[in-house]
Amino acid sequence: IVDAKQQISDMCDSCLVAPNGLLNEYLDFQYLLELDVAQYTDGLMDQNPSIQTLEELIGRFLDAERQINLLSSNHVDFSMFRVNLTRIKEALTTKAQMVAVSLMNVISRKVSSEIVE
């Protein structure tokens, strides 16, 4: 009986390896969920970054959005279960888009203020 329990436990553990690997890939983007967009852009404005720096940052966030979309399909089937990633993908890509748009607004304000001066 002990051997059977160990075999079942080992089988269950092995079935979690791939889903945990997928989880770790999405955890690379956890910073997006924790990012306060207003605080981030306000902090950038205090540093008075160049437009080129802002464009590079926008590119990083849009690249993160692209990577998230390419990371997996919305539903991934594993040997014991199916993982629905739709909501986390939507949350991460939406946040990346929000930051990119916010940075575009910073560029717009920066250009407008330079024109006025």
Response to the item:
For the stretch 8-19, pairs from a residue that is touching a residue at least 12 places away in the same chain (Cβ under 8 Å) and assigned to a helix (DSSP H, G or I) to a residue that is aromatic (Phe, Trp, Tyr) and surrounded by 13 or more Cβ atoms within 10 Å (Cβ to Cβ), with Cβ under 7 Å and 6 or more apart or across chains, are Cys15/Phe78; Ala18/Phe78; Pro19/Phe78
Worksheet item: Exactly one of (1) modelled with pLDDT of 95 or more; (2) small (Gly, Ala, Ser); (3) out of contact with any helix residue (DSSP H, G or I) (no Cβ under 6 Å at 6 or more places or on another chain) is unmet by Ala100. Its number?
Response: (3)
Worksheet item: Could you list, in sequence order, the residues of the stretch 1-44 that are among the hydrophobic types (A, V, I, L, M, F, W, C), more than 27 Å from Ile68 (Cα to Cα) and surrounded by 10 or more Cβ atoms within 10 Å (Cβ to Cβ)?
Response: Ile8, Met11, Cys12
Worksheet item: In the stretch 46-56, which residues are under 12 Å from Met104 (Cα atoms) and more than 20 Å from the chain's Cα centre (by Cα)?
Response: Ile51, Gln52, Thr53
Discussion item. Against the conditions (1) modelled with pLDDT of 95 or more; (2) open to solvent by 50 Å² or more (accessible area, probe 1.4 Å); (3) of a type in the set (Lys, Arg), where does Arg109 fall short? Just the number, please.
Written reply: (1)
Item to complete: Kindly indicate which of Leu103, Leu70 is part of a helix (DSSP H, G or I) and open to solvent by less than 80 Å² (accessible area, probe 1.4 Å).
Response: Leu103
Worksheet entry | One residue from Ile88, Ile115 being under 14 Å from Leu22 (Cβ atoms) and either assigned to a helix (DSSP H, G or I) or open to solvent by 50 Å² or more (accessible area, probe 1.4 Å) (or both) | Ile88
Worksheet item: Out of (1) touching a residue at least 24 places away in the same chain (Cβ under 8 Å); (2) among the hydrophobic types (A, V, I, L, M, F, W, C); (3) open to solvent by less than 90 Å² (accessible area, probe 1.4 Å), the odd one out for Met80 is which?
Response: (3)
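The values are calculated or read from the model by the stated rules, or taken from the named source; none is laboratory data. Quick caveat: nothing in here was measured; it's all calculated off a predicted structure. Note that each Cβ is placed from the backbone with ideal geometry, even for glycine, and that neighbours are counted across all protein chains shown. Accessible surface areas use protein heavy atoms only, side chains included; no ligands, DNA or RNA. Shrake-Rupley method; radii C 1.70, N 1.55, O 1.52, S 1.80 Å.
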